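Let me begin by presenting the structure, written as structure tokens, before commenting on it.
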Amino acid sequence: MTIRRIQLLAVAGVIAAGCGRLSPPQAKPKPAANKAPAAAAQAWTPERITQDPGGYLAYADAETVRQIAERNARIGKIESSRQVIGDRAEKLMQDIRDAANIQKRLQAAIERADEDDAWPTTFAGRKFERAEAVSAADAAQRFVQSRTSLANEYAQALAKIDATGQALQSDISELGQLREKLALDMERVRLNQGIAEVAELRKSVDALSGFATSLTDTTENPLEDLAAKARPLAADAAFETLLGK
């Protein structure tokens, strides 16, 4: 073998070795993922927190974020319900005022027509026989009496919604403060490479458990019950015409 051929073979070997080094390395198997944190805060016992304070704090932070998001979602739902109930309550109150005005004026017209023996009488641009006028006045009075009670229930529903919204906002504020404390605890863990104040961390466990169990069910729709109670009364054509229905 000539010297030139030996040199060429040596160069080829170097190139081949170099190509081998530049080829993409085979993917290394990923380490086994850590087990998902327990769904309930109470699963983090003092012993478990002592063994893995960083893991607990990561779980607690994620749980705090979830709790805040859940409350914000519920606030959105009850704000939508409040708008609908508020609009209906305002319309109902206006109808009550209009019906009370109709009843008062119509009753006065009946008394004048009786005194003057002037039947049929004209009221609100239309003629009424006495029986029709009395029926319409009675219907107006019944409307005021029954709808006043319903208006009170609307007011109570609105007050309940407002109280629930305020409670949720208060929870969000407290959860925000808790998250800030968790961030400080996490920094302490990083600095100390461990933490001895398990009892202090345990307070956040109790707080998270309390938030998880005290979340008021705000998904119920008070409109369903109110709608059932707002069913039309026995119709009186004359009164409904005067009321504008």
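The values are calculated or read from the model by the stated rules, or taken from the named source; none is laboratory data. Please read these numbers as outputs of a predicted model, since none were measured by experiment. Neighbour counts run over all protein chains shown; Cβ positions are idealised from the backbone, glycine included.
Remarks
- Single residue of T45, T50, T64 found to be under 30 Å from V205 (Cβ atoms) and at pLDDT 90 or above: T64
- E90 being under 37 Å from the mean Cα position of the chain (by Cα), surrounded by fewer than 13 Cβ atoms within 10 Å (Cβ to Cβ) and touching a residue at least 24 places away in the same chain (Cβ under 8 Å): no
- Test: residue in region 77-86 that is within 30 Å of K203 (Cα to Cα), touching a residue at least 60 places away in the same chain (Cβ under 8 Å) and surrounded by 17 or more Cβ atoms within 10 Å (Cβ to Cβ): no
- Being among the aliphatic types (A, V, I, L, M), assigned to a loop (DSSP other than H, G, I, E, B) and modelled with pLDDT of 90 or more is a property that A118 has.
- Residue in region 49-87 that is nearest to G210 (Cα to Cα), counting only those that are of a type in the set (A, V, I, L, M) and more than 22 Å from the chain's Cα centre (by Cα): A60
- Scanning region 49-66 for residues that are surrounded by fewer than 20 Cβ atoms within 10 Å (Cβ to Cβ) and of a type in the set (S, T, N, Q) returns T50, Q51.
- First in region 101-121 and more than 15 Å from L243 (Cα to Cα), second anywhere and surrounded by 15 or more Cβ atoms within 10 Å (Cβ to Cβ) and among the hydroxyl-bearing types (S, T, Y), Cβ under 9 Å, 6 or more apart: A109/T121; I110/T121; R112/T121; A113/T121
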